[in-house]
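Worksheet: one structure, shown below.
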Amino acid sequence: MSTPVHDLPAQQGAMKKQPAHPSRWKRSRGTRVRITNGLFKYYFLFSILALCFVLALVIFFIGKTAFLTFNEISLSQFFLSFDWTPEEGEFGAASFIVNTFSLTALTLLFAVPLSIGMAILIAEIAPKWLKSFIRPILDLLVGIPSIVYGYLGLTVLIPIIRSVSGENLGDGLLAASLVLTIMILPTVSRISDDAISAVPKKYREAAYALGSTRLQVIMRVVLPAAGRGIAAAIILGMTRAIGETMAVVMVIGNTSQLAKSLFTPASVLTSNIVMQISNVEFDSTWNYALHMMAFLLLVISFGLILIIRLISKKRGDEAA
């Protein structure tokens, strides 16, 4: 049967309004998705390569300048001598290296028990309202600039140390370690808190079913299970303690000598670099020696980060 003439315009308009073929639309969408995924893939790859390139440049240029030190002095003189008098050609960095490790060890001695105790309190003992109050405060403390801690140490802590100890100055390893303890306490506490909270609840329930007390559950079940995460938190805090500069410069005394007591003004690798790097010529052994100190800090930090990665990898393998 033939179509009436007056219905032809309506049918032609309906045919024009019909969508494109579904297969063509799918093909175009699939092409857009592939192009978008490819662009993001190469963008992220470029970002990773750029980061690796910048890191390699930092290592190369610091290392290149640092190893020029041994054109003028020997390895034994730099690493074993305690005499740092650049004006007389003596570049012994042993006192700075020993002071750095002494400061880090003293900081960990103060910070680790407090941090783990606080993490246990937050994760295992404190009620929910107290947890919701303490955790945001610790997160805020992590973001406070180090110079603020150094200023508080200089204006508040050192006068207290003077009055208690009877020392004339109060600068030294004790003041620096207390300032660093306050600085790394939030970091170590929060990471340890996360590690303890990640311990499965069934471990606790099994221990309680066997008649264990809360203290026994925490000490013999929870802490061993969270041990790798706590170890990673301690190493991360150690990394920050070793590399900290401004807070240490303000309270340690900045004297190029070996610290023979907690109240002896001293200097560490970071503080010595900051105090002297702007006053030396670039093409001088003095400058090369300061770059070697920076290179040592870089190597120590990389070593600690590598240890954290190995701990995390072992933890992931055990979880799998």
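The values are calculated or read from the model by the stated rules, or taken from the named source; none is laboratory data. What you see is a predicted model; the values in this text were computed from it and never measured. When we count neighbours, we look across all protein chains shown, and the Cβ atoms used for this are built from the backbone with ideal geometry, even at glycine.
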- prompt: Are any of the residues in region 187-200 hydrophobic (A, V, I, L, M, F, W, C) and over 17 Å from ALA119 (Cβ atoms)?
  reply: no
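Does PHE282 qualify as being in a helix (DSSP H, G or I) and without any contact (Cβ under 8 Å) to a residue 40 or more places away in the chain? I'd like the intermediate steps shown before the answer.
Details: in a helix (DSSP H, G or I): no; without any contact (Cβ under 8 Å) to a residue 40 or more places away in the chain: yes.
The answer is no for PHE282.
Residue by residue, here is whether (1) closer than 30 Å to MET250 by Cα; (2) of a type in the set (Lys, Arg); (3) assigned by TED's automatic domain parsing to the domain that holds ALA241; (4) in contact (Cβ under 8 Å) with a residue 60 or more places away in the chain holds:
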position	(1), (2), (3), (4)
ILE184	yes, no, yes, yes
VAL188	yes, no, yes, yes
ILE196	no, no, yes, yes
PRO200	no, no, yes, no
ALA207	no, no, yes, no
SER212	no, no, yes, no
LEU215	no, no, yes, no
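Do the conditions hold for ALA14, that is, is it modelled with pLDDT under 80 and among the small types (Gly, Ala, Ser)? Talk me through it step by step, then tell me what you get.
Working: modelled with pLDDT under 80: yes; among the small types (Gly, Ala, Ser): yes.
In short, yes.
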- request: Would you be able to tell me the number of residues in region 138-174 that are surrounded by 13 or more Cβ atoms within 10 Å (Cβ to Cβ) and either part of a loop (DSSP other than H, G, I, E, B) or in contact (Cβ under 8 Å) with a residue 40 or more places away in the chain (or both)?
  value: 22
- prompt: Quick check, is THR239 touching a helix residue (DSSP H, G or I) at 6+ places or on another chain (Cβ under 6 Å) and assigned by TED's automatic domain parsing to the domain that holds ILE97?
  reply: yes
- prompt: Among the candidates LEU154, LEU141, which residue alone is over 22 Å from the mean Cα position of the chain (by Cα) and of a type in the set (A, V, I, L, M, F, W, C)?
  reply: LEU154
message: Among the residues that make up region 200-217, is at least one of them surrounded by 12 or more Cβ atoms within 10 Å (Cβ to Cβ) and part of a loop (DSSP other than H, G, I, E, B)?
response: yes
- prompt: Within region 292-315, can one find any residue that is crowded, with 23+ Cβ neighbours inside 10 Å and farther than 23 Å from SER74 by Cα?
  reply: no
task: Mind listing just one residue for me: the one in region 85-99 that is closer than 14 Å to LEU290 by Cα and surrounded by 15 or more Cβ atoms within 10 Å (Cβ to Cβ) and, of those, farthest from the chain's Cα centre (by Cα)?
output: PRO86
task: Determine whether LEU223 is outside any loop (DSSP other than H, G, I, E, B), without any contact (Cβ under 8 Å) to a residue 12 or more places away in the chain and over 16 Å from the mean Cα position of the chain (by Cα).
output: no
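Just to verify a result, which residue in region 255-275, among those that are without any contact (Cβ under 8 Å) to a residue 40 or more places away in the chain and more than 23 Å from the chain's Cα centre (by Cα), is nearest to GLY92 (Cα to Cα)?
If we take residues in region 255-275 being without any contact (Cβ under 8 Å) to a residue 40 or more places away in the chain and more than 23 Å from the chain's Cα centre (by Cα), then THR255 is nearest to GLY92 (Cα to Cα).
Please tell me if LEU236 is touching a Leu at 6+ places or on another chain (Cβ under 9 Å), in contact (Cβ under 8 Å) with a residue 12 or more places away in the chain, closer than 15 Å to THR107 by Cβ and part of a loop (DSSP other than H, G, I, E, B). Full working, then the answer.
On the way: touching a Leu at 6+ places or on another chain (Cβ under 9 Å): yes; in contact (Cβ under 8 Å) with a residue 12 or more places away in the chain: yes; closer than 15 Å to THR107 by Cβ: yes; part of a loop (DSSP other than H, G, I, E, B): no.
No; evaluated as a whole, the condition is false for this residue.
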field: Subset of region 272-286 [over 19 Å from VAL249 (Cα atoms) and either in the same structural domain as PHE60 (by TED's automatic domain parsing) or of a type outside the set (Gly, Ala, Ser) (or both)]
entry: GLU281, PHE282, ASP283, THR285, TRP286
- request: Could you tell me which residue of region 276-291 is farthest from SER163 (Cα to Cα), considering only residues that are among the aliphatic types (A, V, I, L, M) and surrounded by fewer than 16 Cβ atoms within 10 Å (Cβ to Cβ)?
  value: VAL280
